[in-house]
Amino acid sequence: MVPKHIRRLLLILGVFALLFVAGKIYFPPKSFGVYGHYPAASVKDIAEARITYRSPDSFSADYPKEYETWSSGIHKVVKCQICHTTVGMRPNMASLAGVASASTSATLPTAGDPLKLCVKCHEKIAGRPDYMPQIEVDSHSKGQSCTACHNPHSPLFSSSGEPITASGGAVTVDIAAGKKLSATCAGCHGPEGVSAAAMFPNIACQKQPYLVGALTEYQSGKRGNPIMGGVAKGLSASDIQNVAAYFAGMSCK
Amino acid sequence: MGAFMPIADFIVSPYSGYVYPNETVVPWGVLIVIYPYITGLVAGAFIVSSLYHTFRMESFKPVARLALLSALAFLSFAPAALLSHLGHPERSVEAIWTAHWTSAFAAFAYVAGFYAILLVLEIWFAFRVDIVAMSQTSKGALGRLYRILTLGSTDVSEHALAYDRKWTQVLAAVGIAAAFGLHGYVGFVFGSLKSREWWSSDLMPIIFILSAVVSGVAVLVLVYVVSSKVRKTAIDENCMAGLARVLWGFLLVTIVVETLEYVEMFYRRLEGIAMIKQLIAGPISTGIAIQALFSLLPFAIVTMLLARKVRGNALIGWMSVSSVLLMSAVLAMRWNVVIGGQELSKTAKGVLTYIPGLWGREGVVWAITLLCGSFVFLWILARLLPPWERVRMSE
Amino acid sequence: MSETNTCKGQASRRGFISLLGKMCATTAVCSGVGTVSLESLAAAASSAAGPAAAPAKPEFPVSGPVPEYDWTKHRWAFGVDATRCIGCLRCVEACKVENNVPFNAQDFRTWVERYVYLEGEDKPRVDSQCDPVNIAAAESAQDYRFSNRYRNEKVTKSFFVPKLCNHCENPACVQVCPVGATYKTPDGVVLIDEKYCIGCRYCVQACPYGARYFNEETQTTDKCTWCYHRITKGLKPACVDVCPVQARVFGDLNDPASDISLFIRSHQISVLKPWTGNGPHVFYNGIDGEVS
């Protein structure tokens with residue numbers, strides 16, 4: 001005959017065991033274990049988080065002029081949010097999130113100090129690959145703000161729309177004249193500078209000073225190419241500036 | 001007033017070399033240092049108690065029940081350290097209801113729970129005769145407590161006591177395995193992680209168990225000595241000599257295995273060895289020194305005590321000194337492993353220096369409070385269930 | 001006397017052992033019951049005809065719980081071109097804004113490392129955007145920028161390496177989570193349930209890449225999710241979208257014409273710490289052996 005205290009003890013342990021089983025059935029979240037050892041409902045919760053970054057195309061209606069300049073220039077790869085972010089002030093992102101699509105006054109926070117902002121990508125520092133345009137900040141800017149010469153939405157052009165040359169001074173070019181001349185180039189390089197044939201390179205969105213330099217070198221024979229040599233010899237210096245400026249403003253995509 | 005009291009929860013550690021950006025906040029702080037320390041005390045105390053209850057080594061009878069109470073006192077406070085550390089302690093029961101068995105932590109909830117029940121049962125059986133006696137003599141709320149604890153049975157016949165003895169023996173035997181599991185899992189948590197070179201080692205569970213037993217025996221020695229002095233009772237010399245032997249044995253193996261770990265690490269000279277050298281020479285230099293010296297010195301002392309068959313006050317005095325040193329050494333070892341491992345960057349290119357804060361959850365003050373709290377709780381338990389030979393025990 | 005004792009002893013022993021056995025059985029059953037919830041038991045019972053256990057709940061179909069998105073049809077992967085990264089750190093900022101990551105210098109879902117070899121040195125100097133020197137250059141812990149600290153040195157080789165969670169095939173972080181708060185979805189993304197995480201930070205320790213951090217505000221662990229809320233709607237992760245030089249690539253491995261498939265085919269790619277056996281799914285082009 002098992003002593004009373006042992007019987008009582010086993011009874012208590014049995015009650016604990018039952019409570020344990022009950023807990024195992026009752027306590028886990030209802031969606032637990034459906035797909036694996038985790039609450040299935042959390043996948044939906046995570047997928048339904050708010051999307052903060054709008055696509056830049058969604059700003060085309062609100063800022064048509066800036067959008068036009070931006071989307072046809074070399075900074076098309078720089079999304080609006082990169083510069084137009086007030087860092088650290090996360091409540092401001094509500095305006096950027098575009099939650100209400102009917103919001104017509106989707107205000108982009110103004111870009112910070114250009115000299116501090118642009119250098120984040122364009123300062124010449126160790127680690128930056130050579131293909132990236134980089135500058136020694138002090139000697140290039142000479143204390144001026146970047147926007148004094150560069151249009152931030154299309155930095156190969158100045159704010160008044162003239163292309164920037166390598167010498168730093170703005171040259172007056174005639175884009176319309178350049179467009180007229182481009183009819184000749186279109187035969188090989190495509191009407192918008194994007195060629196269809198593999199052997200003819202794209203010239204759209206090439207840097208204007210580069211195109212000027214290339215055409216000049218074809219003209220002088222420094223670059224030897226029978227086709228381009230003949231083409232370039234038929235161009236004047238201002239023709240070269242104009243047609244180069246036209247293609248430089250073309251989109252690469 | 002406020003500026004110089006750093007809240008311990010978000011300490012940014014300075015570093016040399018290169019560390020991953022997310023590593024500058026050390027995730028496991030002093031609470032995770034003292035948690036394995038306190039569970040280690042449990043394991044050691046319980047092993048001594050089992051030497052009497054399972055293996056019938058008579059020399060440990062004077063401390064057997066004190067050891068059980070110590071084990072329970074420490075086991076009650078170890079979860080407190082863990083729960084204080086968790087981001088959401090109120091969700092900790094999830095580890096029981098939806099335990100993820102691939103995780104070493106998940107086993108903890110079950111092993112610790114099982115072990116706690118086992119310990120409570122063991123204590124109940126060991127003290128049942130006293131509980132029955134006190135239920136009949138005590139008055140008031142205390143009397144009611146004892147009567148509840150008797151589970152309504154005052155049967156202390158030979159028949160009932162035979163059951164008690166059997167249960168005690170089995171529980172103590174199972175308890176040894178459970179104690180090894182309880183503390184071995186802590187070592188396994190560290191040893192099984194491939195992300196940290198300082199932790200990743202097959203020897204880690206063994207080192208943790210062995211050093212745990214050393215610290216547990218040491219704390220038992222101190223508790224025995226202090227309680228005897230306070231109660232002005234004599235200390236059983238055979239018991240103390242027995243404890244010295246146990247201490248010596250486990251300490252020897254601990255020193256050998258810990259040394260082996262370091263020797264292998266330096267012999268292998270894997271990629272991160274330069275940073276490991278920097279770690280040992282830098283942030284944990286004091287800790288390593290304490291761990292080494294305060295392990296070897298007591299080892300020498302206890303060897304002399306045993307070789308020269310020292311008895312009397314000399315034995316007690318030197319054992320007390322050794323125990324204090326060993327408890328410090330084991331605490332230093334926990335620091336070296338837990339904090340040292342996180343100070344060695346996962347990049348193998350940098351070393352951080354973690355300085356714990358004073359206040360806050362992960363602060364030194366709270367850690368010390370928990371540690372002291374366990375001793376206070378032990379004192380309460382000893383008042384409630386006096387482990388000293390008072391009522392005739394038929395074991 | 002002895003016979004009575006023996007008889008009693010035998011009976012008591014038998015009774016004892018049988019009771020102990022019953023206890024053990026109960027515990028074993030309980031543990032077994034615990035590994036499946038009542039729901040999945042019901043589900044298994046109701047779909048006895050089908051080969052795969054279809055969950056019984058309508059809002060959790062086999063195609064996944066996200067409406068209008070079938071997670072069995074995608075296998076996401078990420079590519080990083082270290083030859084293109086310019087270290088502008090716009091990705092770091094975009095991620096923080098998109099995903100509510102604390103704006104400090106300690107918690108990052110993604111970051112960029114810089115490796116610089118100086119003349120006469122075999123080992124690179126490594127820094128990231130939260131190096132104190134770089135924080136000083138940015139003048140704020142909330143603004144991210146690499147300083148120009150090597151302007152007076154002779155640099156022989158240098159490059160940037162963006163890093164993020166690798167969404168491994170055998171994630172160590174998922175393995176060590178004690179409660180099942182972090183998991184890998186069938187489309188290859190490792191996620192964290194913020195409402196279930198207990199904040200033990202075991203996963204932070206287990207990740208060999210340092211991709212996880214403990215969010216003090218939510219008191220849970222957090223990490224890159226490949227912007228799951230965006231990719232399930234056909235968008236790219238914020239960091240990929242924002243990168244001005246296409247140093248980050250994201251796409252579906254199941255689609256041979258996707259950005260990532262083309263990236264993998266056209267480069268000699270590598271992964272970080274392959275010896276861990278985690279099987280990372282972020283593929284790098286242009287890193288060297290010193291990148292850990």
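Every read-out reported here was derived from the displayed coordinates using simple, explicitly stated rules and does not represent laboratory data. Nothing here was measured: the structure is a model prediction, and the numbers come from that model. As a convention, Cβ positions derive from the backbone with ideal geometry for all residues, glycine included, and neighbour counts pool all protein chains shown.
Within the straight-line cut-off of under 29 Å between alpha carbons, the lysines reachable from A:LYS142 are A:LYS76, A:LYS79, A:LYS116, A:LYS120, A:LYS124, A:LYS207, C:LYS154, C:LYS157, sequence neighbours fewer than 8 places apart in one chain being disregarded. The mean sequence distance of close C-alpha pairs (under 8 Å, at least 6 residues apart), as a share of the length of chain A, puts its relative contact order at 15 percent. In a simple Cβ point-charge model (Lys, Arg +1; Asp, Glu -1; nothing else charged), segment A:175-248 has a dipole of about 80 debye relative to its Cα centre.
If you model the protein assembly as shown as an ellipsoid using its alpha carbon gyration tensor, with each semi-axis the square root of five times an eigenvalue, the axes come out at 70, 32, 22 Å, biggest first. The trypsin sites (Lys or Arg not before Pro) of segment B:151-260 that meet both conditions, a loop assignment by DSSP and at most 10 other Cβ atoms within 10 Å of the site Cβ, are B:LYS232.
Summed over qualifying helices (DSSP H, 4 residues or more, each -39500 (n - 2.57)) and divided by its residue number, chain B shows a 222 nm mean residue ellipticity of -24500 deg cm²/dmol. The long axis of helix A:237-248 is offset from the longest Cα principal axis of chain A by roughly 20 degrees.
Checking the cross-link filter: which lysines have an alpha carbon closer than 29 Å to that of A:LYS24, excluding same-chain neighbours under 8 positions apart? Straight-line reach from A:LYS24, under 29 Å: A:LYS44, C:LYS22, C:LYS57, C:LYS184, C:LYS195. Eigenvalues of the alpha-carbon gyration tensor of segment B:29-181, scaled by 5 and square-rooted, set the equivalent ellipsoid semi-axes at 31, 19, 15 angstrom, largest first. Residues with beta-carbon under 12 Å from that of B:ILE339, excluding B:ILE339: net charge, scoring Lys, Arg +1 and Asp, Glu -1? The answer is 0.
Across all directions, the shadow cast by the convex hull of chain B built on its C-alpha atoms averages 22.1 square nanometres. Here the Kirkwood formula, the inverse mean of 1/r across different C-alpha pairs, assigns chain A a hydrodynamic radius of 23.6 Å.
Near B:SER84, once Lys and Arg are set to +1 and Asp and Glu to -1 for all other residues with Cβ below 9 Å from its Cβ, the sum equals 0. Each part reduced to its alpha carbon centroid, segment B:131-207 and segment A:4-28 end up 18 Å apart. Here the alpha carbons of segment A:175-248 define both size measures, Rg and Dmax, at 11.1, 29 Å. Taking the DSSP bridge list for the protein assembly as shown and keeping only pairs wholly inside it, about 85 percent are antiparallel.
Projected label points at A:LYS222 and C:GLU153, each 7 Å from Cα along the beta carbon direction, are separated by 3.6 nanometres.
The charge dipole of the protein assembly as shown, taken about the Cα centre with unit charges on the Cβ atoms of Lys, Arg (+1) and Asp, Glu (-1), comes to about 2440 debye, rounded to the nearest 20.
Cα axis of helix A:208-220 to longest principal axis of chain A: angle in degrees, 0 to 90, nearest 10? Once rounded, the angle reads 40 degrees. For chain B, the longest principal axis of the Cα atoms and the long axis of helix B:364-384 meet at an angle of about 10 degrees.
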